[in-house]
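These notes are about the structure you will find just below.
Each value in this text was obtained by applying a stated rule to the coordinates, not by laboratory testing. Bear in mind that the values here come from a model prediction, so they are computed numbers and not experimental data. So basically every Cβ, Gly included, is an ideal-geometry build from the backbone, and we count neighbours across all protein chains shown.
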Amino acid sequence: MYKELTTSNRILMGPGPSDAHPRVLKAMSTPLIGHLDPEFVTIMDEVKTMVQNTFMTKNNMTFVVSAPGSAGMETCLVNLLEPGDEVIICVNGVFGGRMADIAERCGAKVHKVEVAWGTVVSPEDVKKALDICKKPKLVALVHAETSTGALQPIKEISDLVHNAGGLLMVDAVTSYCGIELKVDDWNIDAIYTGTQKNLSAPPGLSPVSFSDNALKALENRKTKVQSWFLDLSLVKNYWGGAKRAYHHTAPVSSVYALRESLRIVLEEGLENRWKRHKEVHEVLKTKLESLGFRYLVEKQYRLPNLNAVFLPEGNDEALLRKKLLNDYNIEVGGGLGDFAGKIWRVGIMGESCTLNHVNMLVSALHDMKEFRN
Ligand SMILES: *Cc1c(COP(=O)(O)O)cnc(C)c1O
């Protein structure tokens, strides 16, 4: 026989998931109802409105993909791209690389703007790409690159893209509900995010939103969207419209959890939440630097909620990370790509963004005899 499911009481300070609020976990244990039950339809409508509020958009085509952030990425690309379309993808870490891979699979002609990991793409970089690809259908950016801890400025690039007649697509998985993000103000045409980072809900859902111009591109398609499940023209009747039609069975319990996490965000207020992430980051930064950690990203482009730091010389990062997890129940992330084995990615996202979390991590480091500073 298998034992009853139990897990250790972890403190989640990696690149996601973050600690879930007890209210969110409780919401998940609400009894199931049918996904076409009028009561569930009301819940979906409320979730849609709360997602619009937190994205700061009036876009009617705003809903939640029943799959994790990666599926949100794929939803944006497969709906907007057709074979032969030209697209500019900015790559400064893992997630930009993935967008380029998906765009190629859509049959698009991909122009990559590649800059060093840990840096951001400048308006000049985008201008150069626009000299080569004068009329791209789409330009894609990662707002918060979780693999490196870099925060990509959007506004100026948004103007360049629209002046060239293109659509702007943004990955906001790690910025949403933790860092300033204004979809309508910044003229973002397609955006996706996830639930397990600053929202502190369980992983597995991806809020997305599309502007009217993005919808026009969709209407003007000559070919069918390659993916049935992610085809917006089919999903849209499930998440809106006068008559709900069966498309797939929504993950009812996860939608309950998402609703509760959005309620918590709106109770706190978006601006307060952005401020909290900045303030806790400042404290974490001071303490980590005094222990000998060094930041990968230049100060002005640093993400507050994902701290990518080099360990002080002479430390075995994998051993320390393992001890942190096993002996102190604290999870931090390791590096990816060229930074594997060299950096930690310390997340302070949503419910994991408190001074207690900072103090727990710093105390554990002081306590570990293997840690050298
Ligand atoms: C986590 C993450 C994703 C992928 O989300 P999943 O929920 O893991 O599929 C995409 N982009 C960025 C920037 C992320 O941090």
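Length gained on full extension, Glu370 to Thr223, computed as 0.36 nm times the residue gap minus the Cα-Cα distance: 47.0 nm. Applying 1/(1 + (r/R0)^6) with r as the Cβ-Cβ distance of Ser290 and Asn60 and R0 = 51 angstrom yields a FRET efficiency of 0.55.
Assuming R0 = 30 Å, what is the FRET efficiency of Glu268 and Lys109, from their Cβ-Cβ distance, to the nearest 0.05?
Working: r = 44 Å, r/R0 = 1.45.
Here the calculated transfer efficiency is 0.10.
A crude spin-label estimate for the pair Ile132 and His248, with each label 7 Å from Cα along the Cβ direction, gives 3.5 nm.
Every helix of 4 or more DSSP H residues in the chain counts as -39500 (n - 2.57), and over all residues that averages to -12500 deg cm²/dmol at 222 nm.
Using C-alpha pairs under 8 Å with a sequence gap of at least 6, the mean separation divided by the residue count of the chain gives a relative contact order of 24 percent.
I need Thr119, Thr146, Thr223, Thr30 ordered by Cβ neighbour count within 10 Å, fewest first.
Details: Thr119 18, Thr146 29, Thr223 9, Thr30 14.
Final ranking by Cβ density, sparse to dense: Thr223, Thr30, Thr119, Thr146.
Averaging the Cα positions of each part gives two centres, and for region 184-248 and region 282-346 these lie 35 Å apart. For the pair Thr354 and Leu32 in one chain, pulling the backbone fully straight at 0.36 nm per residue adds 112.7 nm over the alpha carbon distance. With neighbours defined as other Cβ atoms within 10 Å of a residue's Cβ, the residues Thr7, Thr42, Thr354 order from fewest to most as Thr7, Thr42, Thr354.
Applying 1/(1 + (r/R0)^6) with R0 = 56 Å to the Cβ-Cβ distance of Lys275 and Lys3, what FRET efficiency is obtained, to the nearest 0.05?
0.80
Fewest neighbouring Cβ atoms within 10 Å first, the residues Lys224, Lys26, Lys137, Lys299 line up as Lys299, Lys224, Lys26, Lys137.
The modelled label-to-label distance between Glu156 and Asp327, using points 7 Å beyond Cα along the C-beta direction, is 4.7 nm.
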